[in-house]
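Peer 1: Quick one: structure below, then a few questions.
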Amino acid sequence: MRPFEEVDGRFVARLTRDERLAIAQVAEQVVELLEQEVDGLEEIAAAVADDGLPSALLGFDDTVVEAPTDPAVRRLLPNAAPTDQGVGEEFRRLTQTDLALSKVGRLTALCVALVGDDDPLLDLEDDGAADGVDVDDELGSRDVALEPADAQSFAGALTDVRLVLAERLGIVTDDDSDRLSSAIEQAWQGRADLDPRIE
């Protein structure tokens, strides 16, 4: 994946079709994880969309909100006060649903930016390239362009994707990351006997 560069007031990166689809598919899976782990998230999202109500007004009661059981989702919705159980539980009760809903929104926007807006979470095989966007090689490369106002949300969604991948691949330290990078580089060089798993 190429870095974004500022071009005519926007942030632009040229990505292949496979790069765009791979990132969008992982983003879709992160959305599904959040919906599985946060009680009532889908219903609240639908109410926000249908009724235009602020998400902060929905889903509150006095019930203790459990922390996610999936360690990858716990990376996205961490304990805000690990040394004070009561404060941590109250903070989670008041913020977890709204934070998860915000993450779903920006992950969905990430998918739209990468593959188009024709229901990106349901049909990622459709390239969805916007009118007037050049797809100019056999890899389906095209520019992904972001307005400055969207850059922070896009970066946040990429961070959520990165955190989930790191948890799933067992990447905790810089050494873990270096080993994975080395494994990928060796695989590209034809090391058929390579086991890319982090040990």
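Peer 1: Sorted by average packing, counted as other Cβ atoms within 10 angstrom per residue and highest first, what order do 98-107, 14-23 take?
Peer 2: By packing density, highest mean first, the sequence is 98-107, 14-23.
Peer 1: While we're looking at this one, here's another question. Residue by residue through the stretch 64-81, which ³J(HN,Hα) values in whole Hz follow from phi under the Karplus form 6.51 cos²θ - 1.76 cosθ + 1.60 (θ = phi - 60°), with glycine and proline marked x?
Peer 2: So the J values, rounded to whole Hz, are 5, 8, 6, 5, x, 7, 6, x, 5, 6, 5, 5, 7, 10, x, 6, 6, 9.
Peer 1: When you count, for each residue, the other Cβ atoms within 10 Å and take the mean per peptide, how do 6-12, 164-170 rank with the highest first?
Peer 2: 164-170, 6-12
Peer 1: Could you compute the FRET efficiency for ASP39 and THR159, with r as their C-beta to C-beta distance and R0 at 30 Å, rounded to 0.05?
Peer 2: 0.80
Peer 1: Can you give the convex hull volume of the alpha carbon atoms of the stretch 1-46 per residue, in Å³?
Peer 2: 116 Å³
Peer 1: Percentage of Cα-Cα pair distances in the stretch 137-176 greater than 12 Å, rounded to whole percent?
Peer 2: 71 percent
Here, each number is a calculation from the coordinates, and none is a lab measurement. Note that the coordinates shown come from a computational prediction; the quantities given were computed from them, not determined experimentally. With ideal geometry, Cβ positions are generated from the backbone for all residues, glycine too; neighbour counts draw on all protein chains shown.
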